[in-house]
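The values are calculated or read from the model by the stated rules, or taken from the named source; none is laboratory data. Quick caveat: nothing in here was measured; it's all calculated off a predicted structure. Cβ: placed from backbone, ideal geometry, glycine included. Neighbour counts: every protein chain shown. Protein only, heavy atoms only, side chains kept; ligands, DNA and RNA dropped before computing areas. Shrake-Rupley method; radii C 1.70, N 1.55, O 1.52, S 1.80 Å.
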Amino acid sequence: MRTRNRAVVAAMCAGLAATLAACGGGGGEQDPDAGTNGVGKLPATKIESKTRQAVAGASSVRLSGTLVTQGATYKLNMRLKADGGTGQVSTKGSSFELLRVGKELYLKADSGFWSHDGGDEGHGGAADAAGKLDNKYVKVPSGDPSYQRLSGFTDMKLLLDGLLGLHGEVATGDHGQVNGVRTIRISAGKAGEGGSLDVSLEGRPYPLRLQRAGGAGVIQLADWNKGFSLAAPEKGHVLDYGQQIPEAP
């Protein structure tokens with residue numbers, strides 16, 4: 001019986017050794033692009049071009065991370081598609097939700113968001129209205145000064161076109177992974193100072209991670225083409241202030 005057990009173990013070890021050798025354990029290096037979509041073997045400019053083509057044909061995406069623009073830092077978690085978007089934006093210690101369905105834009109926040117110094121000036125006393133605005137959807141009219149700025153966070157094409165640009169000569173970097181998906185990195189400028197993209201090597205070459213130029217934030221891009229529904233909030237949960245909403249911080 002002992003002899004038989006030793007024979008079984010020896011056979012198992014021999015099989016394992018053969019498997020390891022077939023997987024590159026015999027000293028040869030495994031091709032990092034084996035079994036991928038092949039873009040990792042392309043020049044960096046071609047990878048960037050194919051990435052932009054994939055993005056242009058996408059129907060939806062989840063965008064999350066940190067965005068620094070015009071001296072302000074925003075934390076985003078947005079789901080976006082062609083006709084609108086929904087999600088949360090945080091900045092300066094406060095946060096709010098945005099929902100856009102077509103051209104209709106809604107903002108929802110707690111009373112703390114609406115309460116700020118100087119609330120009795122300008123828009124009729126935003127501080128006094130804070131209780132009424134608490135966790136209600138406020139319709140943002142297209143003529144309001146904040147409409148363009150806020151709606152930009154819900155505009156898939158506008159955001160992606162603005163974020164995905166690399167500044168400088170593009171070069172291919174290392175293979176890696178983003179959330180378990182194999183990637184190839186392309187970066188621009190010296191030491192990637194012009195930004196970098198981690199591009200999927202599985203399926204279509206979508207960008208999965210963006211390091212913006214000049215340290216202006218890191219963005220994760222996920223759930224490409226995963227559908228989600230958008231619907232205007234029920235009328236009982238919406239406050240309409242006409243041509244201008246109360247001033248927010």
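In segment 132-150, what residues are within 11 Å of Phe113 (Cβ to Cβ) and surrounded by 15 or more Cβ atoms within 10 Å (Cβ to Cβ)?
Hits for segment 132-150 are Leu133, Asp134, Val138.
If you go through segment 2-22 one residue at a time, do you hit one that is modelled with pLDDT of 55 or more, buried (at least 17 other Cβ atoms within 10 Å of the Cβ) and out of contact with any Cys (no Cβ under 6 Å at 6 or more places or on another chain)? Checked segment 2-22: no residue is modelled with pLDDT of 55 or more, buried (at least 17 other Cβ atoms within 10 Å of the Cβ) and out of contact with any Cys (no Cβ under 6 Å at 6 or more places or on another chain).
Of all the residues in segment 203-216, those that are open to solvent by 50 Å² or more (accessible area, probe 1.4 Å) and either β-branched (Val, Ile, Thr) or over 20 Å from Thr51 (Cα atoms) (or both) number 2. In the set Ala127, Ala56, only one residue is open to solvent by 20 Å² or more (accessible area, probe 1.4 Å), modelled with pLDDT under 85 and among the hydrophobic types (A, V, I, L, M, F, W, C); that residue is Ala127. Residues in segment 70-90: is at least one at pLDDT below 90, touching a helix residue (DSSP H, G or I) at 6+ places or on another chain (Cβ under 6 Å) and not in a strand (DSSP E or B)? No: segment 70-90 contains no residue that is at pLDDT below 90, touching a helix residue (DSSP H, G or I) at 6+ places or on another chain (Cβ under 6 Å) and not in a strand (DSSP E or B). Within segment 161-191, being open to solvent by 50 Å² or more (accessible area, probe 1.4 Å), among the polar types (S, T, N, Q) and at negative phi holds for Thr172, Gln177. The listed residues are Leu67, Leu98, and the only one of them that is at pLDDT below 95 and open to solvent by less than 40 Å² (accessible area, probe 1.4 Å) turns out to be Leu67. Closer than 21 Å to Leu197 by Cβ, at pLDDT 95 or above, loosely packed, with under 13 Cβ neighbours inside 10 Å and not basic (Lys, Arg): is that true of Gly40 in this structure? Considered against the rule, which asks whether it is closer than 21 Å to Leu197 by Cβ, at pLDDT 95 or above, loosely packed, with under 13 Cβ neighbours inside 10 Å and not basic (Lys, Arg), Gly40 comes out as no.
In segment 151-160, the count of residues that are open to solvent by 70 Å² or more (accessible area, probe 1.4 Å) and more than 25 Å from Leu98 (Cβ to Cβ) is zero. Every test in (1) open to solvent by 60 Å² or more (accessible area, probe 1.4 Å); (2) under 16 Å from Arg52 (Cβ atoms); (3) among the aliphatic types (A, V, I, L, M) is passed by Ile219 save one, and that test is (1). Look at segment 202-219: where a residue is part of a helix (DSSP H, G or I) and a partner is open to solvent by less than 20 Å² (accessible area, probe 1.4 Å), sitting 6+ places away or on another chain with Cβ atoms under 7 Å, you get Ala213/Gly194; Ala213/Gly195.
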